[in-house]
Amino acid sequence: MPTSSTAYIALGSNLDSPLTHVKQAVQQIDALNECQLIARSPWYQTTAIGPGSQPDYINGVIKIATSLLPLDLLTTLQTIESRHHRTRNVKWGPRTLDLDILLIDNLTINEPNLTIPHPQLTNRNFVILPLYDIAANLTLPDGRALAGLAQHCSRKGIKQLNQTNITY
């Protein structure tokens, strides 16, 4: 792989066998020539936020090395979402697969289609806790330590799944 960056990607699903969608997405990302899986958090079951009554989500975070430029990584992840029949009808609505770029190296990006760090990263326990599982010593581009965010993060509506029953 040519020059690579480190990226953290959040995965989520709450429709049509959510655990299957997120597990397959990890495999599909790792199978890309331009990406290599470095770490995967445990999976979490989380209460859905958003409109209406929705099923719980399965969430996790992965760390990858990638030679893709940020916008190319975004396009690639959206292609994987599409393969999982992701639709974008309602903001924060139910979905088969959601792949969000949380961080890429220590970059700050403000493009019309991409904001890095992810604008909701520090507000969501289903992102902070799995990210902390694989990057406890991480410092965000604004200088905040992930450990401090995790320490003050609410544990309401989130529970770690029993990992011994999950195979790949």
The correct count of residues that are surrounded by fewer than 17 Cβ atoms within 10 Å (Cβ to Cβ) and at pLDDT below 95 in the range 55-77 is 2
When the range 1-60 is checked residue by residue, the ones that are among the hydroxyl-bearing types (Ser, Thr, Tyr) and in a helix (DSSP H, G or I) are Thr20
Residues in the range 100-135 that are without any contact (Cβ under 8 Å) to a residue 12 or more places away in the chain, exposed (fewer than 12 other Cβ atoms within 10 Å of the Cβ) and assigned to a loop (DSSP other than H, G, I, E, B) total 2
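The values are calculated or read from the model by the stated rules, or taken from the named source; none is laboratory data. Quick caveat: nothing in here was measured; it's all calculated off a predicted structure. Backbone-built Cβ (ideal geometry, glycine too); neighbour counts: all protein chains shown.
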